[in-house]
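Here the structure is laid out as structure tokens; the discussion comes afterwards.
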Amino acid sequence: MTLPGTLGFADVFGGTPDVVWRAPGRVNLIGEHTDYNDGFVLPWALPLGVTAALRRNDSGVLRMVSRQHGGSDGGVVEAPVAGLEPGSVEGWAGYPAGVVWRLREAGILGGEGFDLVVDGDVPAGAGLSSSAALECVVVRAIDDVLGLGLSGPEAAAHARGAENDFVGVPSGVMDQMASLLCAEGSALFLDTRSMATRQVPLDLDTGAGAGLALLLVDTNAPHQLVDGEYADRQRACAAGAAALGVTALRDVPLAGLDDALARIDDRVVRRRVRHVVTENARVLDVVGLLDDGRPDEIGPLLTESHVSLRDDFEVTVPELDTAVEAALAAGALGARMTGGGFGGSVVVLARSADADTVTDAVAAAFATRGFAAPRPVPATPSAGAHRLSGPTR
Ligand code: GLA
């Protein structure tokens, strides 16, 4: 019989899981393409995420089932833990396998096997970190079962390592830190150099935020980070830092931007640097306004971020630009693409009273342009990774 809350674990593997965990997807309010430049980011966790039921086994084999990808046979993917190496497990199962591989490489795991069932509701390809949610829920479930006591940044580093080094998708650490450490009702202000974090209240129903809404819209434009564009941006930023003789672009102050740009020969690298330096400053400004109880004033900074990502960083696509333009024309206070770009989602700040008008305007603009219909995504600031069930400790 299927036990409620254990994702049908008994039907696939028999018995019960040791633990059940949940980790969310994320949306980034501001601070885009800054996390691999030692910069600042401000994501919050979505009510959408991945749930994982996990049990340690003695067989040395990783046995994995996804409720989204299972075939009629239940779709168990099996991988001997000792044989894990980058490229050895493909598709969705590469993410949990990558976590186990990474923990083994780090000397944290031996040859332990695990039985795993995962179930998720973060739309894939929407730039909302469905992969980070999957990595993080598996890290936390294993951490719990084995009593590893991993800190948030340690867990995030392992999750990111799975993505970068096992699956082979380049990224910074924002998505994993957000999935692990966000808190309900808040955005997570993260300094990706020191890994210091602070919860910034993002309660838009009451207090200073009353009457405001943060809307999230998946443009449904195909989003792909493995196509080389993301790695190309990382290389350009590294080239900019090298040209300026700094460790990372985080070290270039806004006040010194013009001087810095004058010292960079490559026109494209100059634009990439300008985005990162101005974006870091915008994150600090947004955090300042939120701290001051002035959330209604962050709109122009969100829109400036989008313009910078469009013109200087060149990671938008027509669907993202159209969504932002339509939202602003319909009275939104600010709007921007969120995530890596090249497709994915936009985040919009609007007066609550205008929310429907804004959403309808985006849909109408997409219909006019012949784009696939955009999809509103629930975006209430939610909890980071948490345990749903397991033994009392
Ligand atoms: C992707 C990456 C993140 C970050 C964003 C851009 O989501 O996974 O690490 O670099 O792009 O801000």
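The values are calculated or read from the model by the stated rules, or taken from the named source; none is laboratory data. Keep in mind the model is a prediction, meaning the values are calculated, not measured. Positions of Cβ are generated from backbone atoms using ideal geometry, with glycine treated the same way; all protein chains shown enter the neighbour counts.
The set of residues in segment 23-47 being closer than 14 Å to Gly384 by Cβ and surrounded by fewer than 23 Cβ atoms within 10 Å (Cβ to Cβ) consists of Pro47 alone. With respect to (1) in a loop (DSSP other than H, G, I, E, B); (2) crowded, with 16+ Cβ neighbours inside 10 Å; (3) assigned by TED's automatic domain parsing to the domain that holds Glu314, the lone exception for Val246 is condition (2). Sort through Val76, Val89, Val118, Val137 and tell me the only one that's away from the ligand (no atom under 16 Å from the Cβ) and surrounded by fewer than 20 Cβ atoms within 10 Å (Cβ to Cβ). After applying the criteria, what remains is Val76. Selection of segment 126-158 for residues being touching a residue at least 40 places away in the same chain (Cβ under 8 Å) and more than 24 Å from Thr192 (Cα to Cα) yields Ala141, Ile142, Asp144, Val145, Leu146.
To keep it simple, each residue is scored yes or no on (1) over 12 Å from Glu112 (Cα atoms); (2) touching a strand residue (DSSP E or B) at 6+ places or on another chain (Cβ under 8 Å); (3) basic (Lys, Arg).
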{"site": "Thr51", "(1), (2), (3)": "yes, yes, no"}
{"site": "Ser59", "(1), (2), (3)": "no, yes, no"}
{"site": "Met64", "(1), (2), (3)": "yes, yes, no"}
{"site": "Gln68", "(1), (2), (3)": "yes, yes, no"}
{"site": "Glu78", "(1), (2), (3)": "yes, yes, no"}
{"site": "Gly87", "(1), (2), (3)": "yes, no, no"}
{"site": "Glu90", "(1), (2), (3)": "yes, no, no"}
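Of the residues making up segment 140-158, those that are surrounded by 18 or more Cβ atoms within 10 Å (Cβ to Cβ) and aliphatic (A, V, I, L, M) are Ala141, Ile142, Val145, Leu150, Ala155, Ala156, Ala157.
Yes/no per residue for (1) among the hydrophobic types (A, V, I, L, M, F, W, C); (2) in contact with a strand residue (DSSP E or B) (Cβ under 9 Å, 6 or more places away or on another chain); (3) modelled with pLDDT of 95 or more:
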{"site": "Leu202", "(1), (2), (3)": "yes, yes, no"}
{"site": "Val217", "(1), (2), (3)": "yes, yes, yes"}
{"site": "Gln224", "(1), (2), (3)": "no, no, no"}
{"site": "Arg235", "(1), (2), (3)": "no, no, yes"}
{"site": "Gly240", "(1), (2), (3)": "no, no, yes"}
{"site": "Leu254", "(1), (2), (3)": "yes, no, yes"}
{"site": "Ala260", "(1), (2), (3)": "yes, no, yes"}
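Leu109 versus (1) closer than 23 Å to Pro17 by Cβ; (2) touching a residue at least 60 places away in the same chain (Cβ under 8 Å): which is the lone unmet condition? In the conditions (1) closer than 23 Å to Pro17 by Cβ; (2) touching a residue at least 60 places away in the same chain (Cβ under 8 Å), Leu109 misses (2) alone. Say whether the condition of being touching a Gly at 6+ places or on another chain (Cβ under 9 Å) and in a strand (DSSP E or B) is met by at least one residue in segment 5-16. The answer is no; no qualifying residue exists.
Within segment 209-221, does at least one residue satisfy the condition of being under 14 Å from Thr278 (Cα atoms), assigned by TED's automatic domain parsing to the domain that holds Gly344 and either within 16 Å of the ligand (Cβ to nearest atom) or without any contact (Cβ under 8 Å) to a residue 24 or more places away in the chain (or both)? No, every residue in segment 209-221 fails to be under 14 Å from Thr278 (Cα atoms), assigned by TED's automatic domain parsing to the domain that holds Gly344 and either within 16 Å of the ligand (Cβ to nearest atom) or without any contact (Cβ under 8 Å) to a residue 24 or more places away in the chain (or both). Glu184: in a loop (DSSP other than H, G, I, E, B) and of a type in the set (Asp, Glu), yes or no? Taking the combined requirement at face value, the residue satisfies it. Quick one: would you say Val346 is assigned to a strand (DSSP E or B) and within 25 Å of His33 (Cα to Cα)? Here the answer is yes, as Val346 does meet what is asked.
Per this entry, Asp205 is counted among residues that are away from the ligand (no atom under 16 Å from the Cβ) and farther than 16 Å from Gly152 by Cβ. Just one residue in the set Leu54, Leu42, Leu46 is touching a Phe, Trp or Tyr at 6+ places or on another chain (Cβ under 9 Å), within 16 Å of the ligand (Cβ to nearest atom) and assigned by TED's automatic domain parsing to the domain that holds Leu180; that residue is Leu42. Restricting attention to segment 107-136, the residues being under 11 Å from the mean Cα position of the chain (by Cα) and part of a strand (DSSP E or B) number 0.
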